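One structure below.
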Amino acid sequence: MLFKIGDKVSVLDEDISGIITKISGDAITIETEDGFDMDFSISEVIKEQPLSSKLFAGTDLTSVINEKEKSYKHKSVKVKPKERSLPAMEVDLHIHQITTSNKHMSNYDMLNLQLDTARYKLEFAIKKRIQKVVFIHGVGEGILKAELDFLFSRYENVKFYEADYQKYGSGATEVYIFQNTKS
């Protein structure tokens, strides 16, 4: 590329641009926008061209703008109904997900820990205005599920039901939190 004094250039791999003030062999001196003189090799700089001359050379500007507007009109992002109904939060209540060791815990202690975790996560979701929460409790003997049903029934602003069977099987309960309730 041919350079001449007065050309506006940018430095490759640097956030530096300026105007060429001196050319000597393979070296170019540019005055930066801050007023500093800096020396670079010709291979380190690139000539800047006005935006309109690069993009729209030989074309009518209004036709380019109209063409761009047409291309934006038909590109709406569609969210599939399945993705729209996905829960914002999942809480796995399996004991190995809640605690690192359950060796010295009785079944009663484990159940209470799981229920406390569920209560804490539900309160968190209500406070943060998260509308859907899935509590994964597993199938087992159904004791945790029954206790969760009792816990969720004590809240006036929630409804709960079986979560998506294809994703969770019968081992999860989805809670829908009503947001606009008057307290």
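Please treat every number below as a calculation from the coordinates, not as lab data. Small disclaimer: the values here were computed from a predicted structure and weren't measured. FYI the Cβ positions are ideal-geometry reconstructions off the backbone, even for glycines, and counts take in every protein chain you see.
Odds and ends about this structure:
- As a calculated quantity, the FRET efficiency between ASP109 and GLU162 at R0 = 30 Å, using C-beta atoms, amounts to about 0.65.
- Across region 113-121, computed HN-Hα scalar couplings (Karplus, 6.51 cos²θ - 1.76 cosθ + 1.60, θ = phi - 60°) run 5, 5, 5, 4, 4, 4, 4, 4, 5 Hz from first to last residue, x flagging Gly and Pro.
- Under 15 Å between alpha carbons - lysine pairs in region 81-177 that sit 8 or more apart or on different chains: 5
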